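Heads up: the structure comes next, in structure tokens.
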Amino acid sequence: MKVQQAYGQLSEAHVNMFAKTRIWQPELHGDWTWREAALDARAIAGAASRLSPGAAAVLRVMALHFPAVPAEEERLLSLARTESGLSGAETRLALRELELSGILFALRKQWGEYTYVMPVECLMLWQPVLWPLEAASLAADSDDKLPHGQPRPYRRALSKQLLSAFSTLAKADTTLTKKGVLPKRTIERLELAVELDEKLLRSYSMQWPHREHYPLTVAFVLEAACALGLLGQNGASLRWRNEALLNWLDKADNERERELLEWCLAVLMPQAGKEGRGMLWTAACMDRNWRSDRRWRSGAPDGQAEHSPISKKAFRWLDLMHDFGWMEVIDSEDDSGERWFRWSPALAGQAGEPAADSAITVQPQGELLAEEHCSFRIRWELELLAERISEERLVIYQLKQETIANALEHGRKADEIKAYLRAVSGGSELPHSVTTMLEAWTANVCRFSFTEAVLLRCDGEEMARVIDSIPELAPLLLGKLGPADYIVRRSGQEEIRRRLKLAGYPPRKGTVTEEAGPLSYPVVHVHSGMARVETEGTHGQWSDCAAFLYSPNALCGYEWCLYREREQPPVSQATLEAPKLWTNQLRAYHHSTRKELLEQALEWETPVELRMENGLHAFVPEQLVADESGSWAVVGLLREAGKPRQVRLTPGMWDEMRLVIPQASDQP
């Protein structure tokens, strides 16, 4: 679940309630709001220090066993009791505290069971606080201290791969077939636009519809476009939401990659099980220091540290992060199989140079050299105008006749193309050879177009005279409208196309509709008069795309219960009914009274305090057992130095006892 999905359910009353809790109140100063603090690492560290021990324990169990996965209430309560030694009443109070603070959110199934969720963006920030990472690392400038190994080859960042895929989709036919899928040719082009390793994605047991049509990489790309809000469905076609696309292209590199990382975690972690911890731990090490997959361990407070290395399954996460261009990886040359890794600059908090609107060099041979910090707006247009040849630190495009013809097909004009290239290369004049090439390539292409009314439309009277000069066209022309438009036979369109192409004047492909116009490839940059395409068109019915990846944890069947105000605190009845003699102080009781007190603790799910030979201990009773002779004992969890231990106690094994009624924290 993403933050927007959770926070979108909140009313101002809920937000105000969260902000007033003792957990968050010290973090809110000046204009700082709860929504901002809930996504700030420093504010979360402060809030974590004010959690009650029970709430902290339950939250650690949630992060450990249910990373980015909904947790059924009873399963969560059971694990919290087993691993932290909390009683049932204590765990319910802890959940109440976490709900009242807006840290966990409760959802109810139709039959009344509850599930708890935590937004993945919040989980990424809480993880290093709940389960601190102890990792041997080398400083960013200590490459010489790395063991000898083989660096893995360069991979484009996922956002750059998606840029290529999105621009490819914008140039392709996005009309859905009768089966509800994209045309085969479009799918093939999308698959070639990215370098994603499908085997790595398949290792997460991902499921998707139309498997017989869509490779997993294509489904992944389409799902990303929909999740980012860039793609929608208009009638029987997929169409770009141009305003959202423009906003995505305008984002800073680190913001764009971070958003994609959070989306990938939300998609992949439900499939990863306990491997999700490895994902979050690596995300907590988001800097430029080198780390080894064999020399790190997790640490937790109260002696709950796990000292084993990350499991071998987590290696595929590192492999996938490298495939997404987010990690540099070095494989050791020895037999240890050790791998060293570090995050890319865009995800390691290095902002880099700001995107520039004049960041390309036009070479006399038609090469376009785009600098590393060239804005995505410019690159979006270059993906249409030219063919990308290579991309590492420098991106190289090549102007070609077919790419310019394709740009004209998508509504660009010859003068606009030249003006655009001048503007994004710093305003200097284009090399004469490039100008000559562009003029030659645009001279005769797309000078004619067909309309839905079956009009042959020329772009001027000069072209109309060309039509009149071709005698073979006369039988196909039904009449002339004005100086440059002809009514033609519908059945004669292909023959007219063929004749015009033979004469050296190939018309536009397809048929232009008056409503949509010829612009199918969005214009996202304004330079030298290039027209800005409207946002979403007013024609047709827009809707969200169907899912391209199945989610195993879809929350659409749940009802949001943002703090269950209707419920009384879970120990309120115990507080009212418990005899003060049982709760105020430790006392020695007869064995029968001891049993009665334990029976009451079992009913209320509260702990008891026992004075034993080796000191005071908290004990959580789970079951009373009796033998044939009538003797009885109690089975439960004995807390020792923060660690619960399953024990069986007879009434003679302690001297004094009292009933402990858990108290709710001072939430409003």
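The values are calculated or read from the model by the stated rules, or taken from the named source; none is laboratory data. Bear in mind the structure is a predicted one, so any value in this text is a computation, not a measurement. Heads up, the Cβs are rebuilt from the backbone with ideal geometry, glycines too, and the neighbour counts pull from every protein chain shown. Side chains are part of the model used for accessible areas, which takes the heavy atoms of the whole protein and leaves out ligands, DNA and RNA. Shrake-Rupley method; radii C 1.70, N 1.55, O 1.52, S 1.80 Å.
Values computed for the structure shown
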read-out: By average C-beta atoms within 10 angstrom, highest first, the peptides 643-654, 253-264; value: 253-264, 643-654
read-out: Solvent-accessible area, 1.4 Å probe, carbon plus sulfur percent, for the range 355-514; value: 49 percent
read-out: In sequence order, calculated HN-Hα J values of the range 365-374 (Karplus, 6.51, -1.76, 1.60; Hz; x Gly/Pro); value: 7, x, 7, 10, 9, 9, 5, 4, 9, 4
read-out: Calculated FRET efficiency for the pair residue 211/residue 641, C-beta based, R₀ 41 Å, to 0.05; value: 0.20
read-out: Efficiency of FRET from Cβ geometry, residue 74 and residue 656, R₀ 35 Å, rounded to 0.05; value: 0.55
read-out: Filter on 413/501; 480/501; 160/199; 109/251 - keep pairs with C-alpha separation over 26 Å; value: 109/251
read-out: Highest to lowest packing among 195-206, 473-484, 372-383, scored as the average C-beta count within 10 Å; value: 372-383, 195-206, 473-484
read-out: Per residue accessible area of the range 221-288, 1.4 Å probe, in Å²; value: 29 Å²
read-out: Rounded percent of accessible protein surface that carbon and sulfur make up, the range 69-124, 1.4 Å probe; value: 44 percent
read-out: Packing-based order for 167-176, 582-591, using average beta carbon neighbours within 10 Å, highest first; value: 167-176, 582-591
read-out: FRET efficiency, residue 178 to residue 489 (Cβ-Cβ, R0 35 Å, nearest 0.05); value: 0.75
